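A short worksheet on the structure shown next.
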Amino acid sequence: MKKLEQLVRKNILKLKPYTSARDKFQDGIFLDANENAFGSTVESFVNGLNRYPDPHQKELRKALSKLTKIPYEKLFFGVGSDEIVDLTIRIFCEPAKSNVIIPSPTYGMYQVACGINDIKVKSVPLDNNFDIDVKQVIQAVDKNTRIIFLCSPNNPTGNLLNRDKIISLTKNFEGIIFLDEAYIDFAEDKSFLNYLSEFNNVIISRTFSKAWGLAGVRCGYCIADEFIINLLFKVKAPYTINKLTSAIVLEAISQLKKRDEIVEKTLWQKENLIYNLSHLKCVEKIYPSDANFILVKVKNAKSVFDYLNKNKIRVRMRTDDERLKDCLRVTIGTEKENNLLIKLLKEFE
Ligand SMILES: *Cc1c(COP(=O)(O)O)cnc(C)c1O
């Protein structure tokens, strides 16, 4: 186990967090928070919007703990997992001094969040299977390296990262491993979660934005050592998860079957789409995917991209990595949407 305290910025360790009105008393007559005692201007399906939400996220943490068997103390909810990325950087990285390592190509938000916080990024290429190059990553570590960002399944390539490689990095790195499992619901048995208790320097982040179909409510969560969870609570704004979000996510958690149905539908459509794409002349390669999107290598991606856009079909194209040059990232759509995509691509050939 790592000595986590040494990794935390001194000002954060010393920080005296804001104590909100609802920290101490959760019942009684509330004349302590300058809320409006007369009610709200808007009727909602959620009661009590005139009162601030619970800063400790108790109901959400209890419900998710019950569902996942993850201890309550190891859970933290964020306004999307994007908030958790930002908070993690702010807890562990010293602006203008620390650096992080990002195996690339991957999700662009880590780099942006580092830029906002004035943290240098060392980009280390993923290997030819878009898996971790453990040796190169370890070589890139210096005394100011605080976080390694990993994304599994990786966006935009779709592949899971090798578990033994993650473990190897985790053992050989004295800082924090931020493991983004935004897409893990599409390959749930492949999660790193079962190994988490052996390593106190790993933060697993997840989201309700993808498999749960709730991108619009902005809610993500992470699982980590209690020490890290307490730091996250210490630095977050007091009332990040609002009552509307909370109500919707609680409802979602109680409907796990629905998520499983959505996942099943997605995976079925993914199989169909891969099959249909593989018969097109313009398609050169379809990368293996454990997510709800696929990376497709085509002949002349730019012209395919422009053609699809003209037909109001939006896919993503990344040009910052040589290996993605002729690739399109395609999210799995409904049967109708996927069929239209295939029809258009056939006509393009
Ligand atoms: C979509 C996505 C997320 C989700 O972010 P939220 O802020 O929770 O919506 C996180 N990580 C990756 C890699 C993603 O692709």
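In the stretch 171-186, what count of residues is obtained for those that are more than 16 Å from the ligand (Cβ to nearest atom) and crowded, with 17+ Cβ neighbours inside 10 Å?
Taking the stretch 171-186 and keeping what is more than 16 Å from the ligand (Cβ to nearest atom), we get 171-176.
Subset that is crowded, with 17+ Cβ neighbours inside 10 Å: 173, 175-176.
Number of matching residues: 3.
Can you pull out the residues in the stretch 80-102 that are open to solvent by 10 Å² or more (accessible area, probe 1.4 Å), under 23 Å from Lys210 (Cα atoms) and either of a type in the set (A, V, I, L, M) or touching a helix residue (DSSP H, G or I) at 6+ places or on another chain (Cβ under 9 Å) (or both)?
If the condition is that a residue be open to solvent by 10 Å² or more (accessible area, probe 1.4 Å), under 23 Å from Lys210 (Cα atoms) and either of a type in the set (A, V, I, L, M) or touching a helix residue (DSSP H, G or I) at 6+ places or on another chain (Cβ under 9 Å) (or both), then Ser81, Asp82, Asp86 are the ones that fit.
Inside the stretch 25-126, counting only strands (runs of 3 or more DSSP E) that do not spill past its ends, which hold 3 or more residues that are within 25 Å of the chain's Cα centre (by Cα) and within 16 Å of the ligand (Cβ to nearest atom)?
Working: elements: 75-78, 99-104, 120-125.
Correct list: 75-78, 99-104.
Quick one: count up the residues across the stretch 28-46 that are small (Gly, Ala, Ser), without any contact (Cβ under 8 Å) to a residue 40 or more places away in the chain and surrounded by 10 or more Cβ atoms within 10 Å (Cβ to Cβ).
The first filter runs over the stretch 28-46 and keeps only residues small (Gly, Ala, Ser), leaving 28, 33, 37, 39-40, 44.
Within this subset, residues satisfying the condition of being without any contact (Cβ under 8 Å) to a residue 40 or more places away in the chain are 28, 33, 37, 39-40.
If we keep only those that are surrounded by 10 or more Cβ atoms within 10 Å (Cβ to Cβ) as well, we get 33, 37, 39-40.
Qualifying residue count for the region: 4.
Has the stretch 187-200 got any residue that is open to solvent by less than 10 Å² (accessible area, probe 1.4 Å), within 13 Å of the ligand (Cβ to nearest atom) and under 20 Å from Arg259 (Cα atoms)?
No, the conditions are met nowhere in the stretch 187-200.
How many residues, within the stretch 288-304, are outside any strand (DSSP E or B), crowded, with 17+ Cβ neighbours inside 10 Å and within 26 Å of the chain's Cα centre (by Cα)?
Residues in the stretch 288-304 being outside any strand (DSSP E or B), crowded, with 17+ Cβ neighbours inside 10 Å and within 26 Å of the chain's Cα centre (by Cα): 4 in total.
Any idea which residue in the stretch 307-340 is farthest from Val263 (Cα to Cα), counting only those that are touching a residue at least 60 places away in the same chain (Cβ under 8 Å), in a loop (DSSP other than H, G, I, E, B) and open to solvent by 50 Å² or more (accessible area, probe 1.4 Å)?
Asp320
Which residues, taken from the stretch 223-244, are in contact (Cβ under 8 Å) with a residue 40 or more places away in the chain and assigned to a helix (DSSP H, G or I)?
Answer for the stretch 223-244, where residues must be in contact (Cβ under 8 Å) with a residue 40 or more places away in the chain and assigned to a helix (DSSP H, G or I): Glu226, Phe227, Ile228, Ile229, Leu231, Leu232, Phe233, Lys234, Val235, Lys243, Leu244.
Could you list all residues from the stretch 248-267 that are open to solvent by 80 Å² or more (accessible area, probe 1.4 Å) and either more than 19 Å from Leu64 (Cα to Cα) or without any contact (Cβ under 8 Å) to a residue 12 or more places away in the chain (or both)?
Glu251, Lys257, Lys258, Glu261, Glu264, Lys265
Under the condition of being part of a loop (DSSP other than H, G, I, E, B) and more than 16 Å from the ligand (Cβ to nearest atom), which residue from the stretch 132-170 is surrounded by the most Cβ atoms within 10 Å (Cβ to Cβ)? If you could, list the steps in order and put the result at the bottom.
Let us first name the residues in the stretch 132-170 that are part of a loop (DSSP other than H, G, I, E, B), namely 132-133, 141-144, 152-162.
Still in the running and more than 16 Å from the ligand (Cβ to nearest atom): 133, 141-144, 162.
On the way: Asp133: 17, Val141: 19, Asp142: 9, Lys143: 7, Asn144: 14, Asn162: 15.
The selected residue is Val141.
Test Lys343 against the stated conditions and say whether it is part of a helix (DSSP H, G or I), open to solvent by 20 Å² or more (accessible area, probe 1.4 Å) and either without any contact (Cβ under 8 Å) to a residue 40 or more places away in the chain or farther than 30 Å from Gly80 by Cβ (or both).
Values: part of a helix (DSSP H, G or I): yes; open to solvent by 20 Å² or more (accessible area, probe 1.4 Å): yes; either without any contact (Cβ under 8 Å) to a residue 40 or more places away in the chain or farther than 30 Å from Gly80 by Cβ (or both): yes.
Yes; evaluated as a whole, the condition is true for this residue.
May I ask you to list pairs of residues, at least six apart or on different chains, whose Cβ atoms are under 6 Å apart, with the first in the stretch 127-156 being free of Cβ contacts under 8 Å to residues at least 24 places away in the same chain and the second being within 16 Å of the ligand (Cβ to nearest atom)?
none
Listed residues Ser289, Ser246; which is under 30 Å from Ser303 (Cβ atoms), within 16 Å of the ligand (Cβ to nearest atom) and of a type in the set (Ser, Thr, Tyr)?
It is Ser289.
Pull up the stretch 201-228, narrow it to residues that are away from the ligand (no atom under 16 Å from the Cβ) and open to solvent by 10 Å² or more (accessible area, probe 1.4 Å), then point me to the one that is farthest from Ile70 (Cα to Cα).
Among those residues, the one meeting the criterion is Phe227.
Every residue, every condition in (1) modelled with pLDDT of 95 or more; (2) exposed (fewer than 15 other Cβ atoms within 10 Å of the Cβ), yes or no:
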| site | (1), (2) |
| --- | --- |
| Lys16 | no, yes |
| Ser20 | no, no |
| Asp23 | no, yes |
| Gln26 | no, yes |
| Lys58 | yes, yes |
| Lys62 | yes, yes |
| Ile70 | yes, no |
| Glu73 | yes, yes |
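The values are calculated or read from the model by the stated rules, or taken from the named source; none is laboratory data. This is a predicted model, so every value here is computed, not measured. Cβ sites come from the backbone with ideal geometry, for glycine too, and all protein chains shown count toward neighbours. Heads up: the accessible areas ignore ligands, DNA and RNA and are worked out on the full protein's heavy atoms, side chains in. Shrake-Rupley method; radii C 1.70, N 1.55, O 1.52, S 1.80 Å.
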